[in-house]
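Colleague: Could you have a look at this structure, given as C-alpha cells, before my questions?
Read-outs: derived from the displayed coordinates by stated rules, not from any lab. Keep in mind the model is a prediction, meaning the values are calculated, not measured. FYI the Cβ positions are ideal-geometry reconstructions off the backbone, even for glycines, and counts take in every protein chain you see.
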Amino acid sequence: MIKKDFIIRLLLSVTLLTSASAQNNRVSLFNEKNLDGWTVLKCEAEVQGGNIFIKSGNGLVQSAKKYQNFVLEYEWKALGKDKWDSGVYFRYTSVPNGRPWPKRYQANLLKGKEGDVGGIKGASSKGLLKDREWNKFKLTVDGAKISLMINEKEAWKGEGLEDLEAGFIALQAEVPGGGQHLFRNIFITELESD
C-alpha cells in the first residue's frame, strides 16, 4: 500500500510540474500598451483600449521573433457588419515582392471561413463562432500537425504542413476588402522541437 501511495504521489508531482512548466513557457506577445515586439508592414495599426486595432491598408502586423512549434492563443473581433476578412499567418519567412502577404499558411478570418487553413485536409469548421463578437482561437502547430480550438471547443485537427522551419506570426490587415479588426489576449507557448 505504501508503494502504491508513493507511485500515485510521484505521478501527481510529475503531472503538476509538467503543467507548471507549460504555463511558464506561455508568454504574452502583446503588452496592451503599444506594438513593441511587432513590425507593421504595408498597413496601419495601433493600440486602442488595450487591443490591436487593424486600421487601414493591406499588410501585416508581424512578430519580431520566429516560431517553429507552438500553441498560439488569441481573441479577435471583426468590426464590419458583413464580408469581413483578415487572418493570422504563421511559419513564413518572407513576403514575396509585389504582394502584401505571404503565400501560406493562414488561419483565415474571412466571413464563412473563419479558422480554415488552406491546403490542410479537414481544416475547416462551422457553427462555433459568435457573430461580430469576440472569438477565441487556440492554434496548435507541431511539426506537420495542426489543430484549432474555437471558443474552447475543438474545431478540427489536421496534418500536412510542409513548411516546418521557424517563421513569423502575423495579423493580417485586409481593410479595403475586409474591414477593420481588433485583436487581444495574444499568447504563445513554444513547444519542444523533435
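Colleague: Need the full-extension length gain, LYS103 to LYS126, defined as separation in residues times 0.36 nm minus the C-alpha distance. One decimal, nm.
Modeller: Details: separation 23, 0.36 × 23 = 8.28 nm, distance 2.41 nm.
Residue separation times 0.36 nm, minus the Cα-Cα distance, leaves 5.9 nm.
Colleague: Do any of LYS121/LYS153; LYS55/LYS121; LYS66/LYS130; LYS55/LYS130 go past 24 Å between their Cα atoms, and which?
Modeller: Values: LYS121/LYS153 19 Å; LYS55/LYS121 33 Å; LYS66/LYS130 30 Å; LYS55/LYS130 22 Å.
Where the Cα-Cα span goes over 24 Å, the pairs concerned are LYS55/LYS121; LYS66/LYS130.
Colleague: Next question. Largest first, please: the extent of the C-alpha atoms of region 56-139 along each principal axis, to the nearest Å.
Modeller: Reported extents, whole Å, longest axis first: 33, 29, 23.
Colleague: Compute the whole-percent fraction of alpha carbon pairs in region 112-194 spaced more than 19 Å apart. Working shown, then result.
Modeller: On the way: 1535 of 3403 pairs.
Here the long-distance tail beyond 19 Å is 45 percent of all Cα pairs in region 112-194.
Colleague: Only Cα pairs under 8 Å and at least 6 apart count here; give the relative contact order of the chain as a rounded whole percent. Each step should come with its number before you reach the end.
Modeller: Working: 459 pairs, mean separation 61.5, N = 194.
Reported as a whole number, the value is 32 percent.
Colleague: ASP163: net charge of surrounding residues, Cβ under 12 Å, Lys/Arg +1, Asp/Glu -1, itself excluded?
Modeller: On the way: positive: LYS66, ARG91, LYS103, ARG104; negative: GLU162, GLU165.
Here the charged neighbours net out to +2.
Colleague: Rounded to whole Å, give me the distance from the Cα center of region 73-129 to that of region 154-187.
Modeller: 5 Å
Colleague: Right, something else. Roughly what would the spin-label model give for GLU32 and GLU46, points 7 Å off Cα along C-beta, in nm?
Modeller: 2.0 nm
Colleague: If one takes the longest principal axis of the Cα atoms in the chain, at what angle in degrees, from 0 to 90 and to the nearest 10, does the Cα axis of helix 2-25 lie?
Modeller: Between helix and principal axis, roughly 20 degrees.
Colleague: Here's another thing I want to ask about it. Tally Lys and Arg at +1 and Asp and Glu at -1 over the other residues with C-beta under 10 Å from the C-beta of LYS55: what net charge comes out? Intermediate results must be reported in sequence, preceding the final value.
Modeller: Working: positive: none; negative: GLU44, GLU46.
It works out to a net charge of -2.
Colleague: Give me the compactness ratio for region 28-190, meaning the Cα radius of gyration over 2.2 N^0.38 Å.
Modeller: Numbers: Rg = 14.3 Å, N = 163, 2.2 N^0.38 = 15.2 Å.
With N residues counted in region 28-190, Rg over 2.2 N^0.38 Å equals 0.94.
Colleague: What is the local net charge at GLY37, summed over the other residues whose Cβ is closer than 14 Å to its Cβ (Lys, Arg +1; Asp, Glu -1)? Before the final figure, lay out each step's value.
Modeller: On the way: positive: LYS33, LYS65, LYS66; negative: GLU32, ASP36.
Counting the neighbours of GLY37, the net charge comes to +1.
Colleague: Determine the calculated [θ] at 222 nm for the chain from helices alone, applying -39500 (n - 2.57) to every DSSP H run no shorter than 4 residues and normalising by the residue count; nearest 500 deg cm²/dmol. Write down the numbers at each step before the final one.
Modeller: Working: 2 runs with 28 residues, N = 194.
Helix-only estimate at 222 nm: -4500 deg cm²/dmol.
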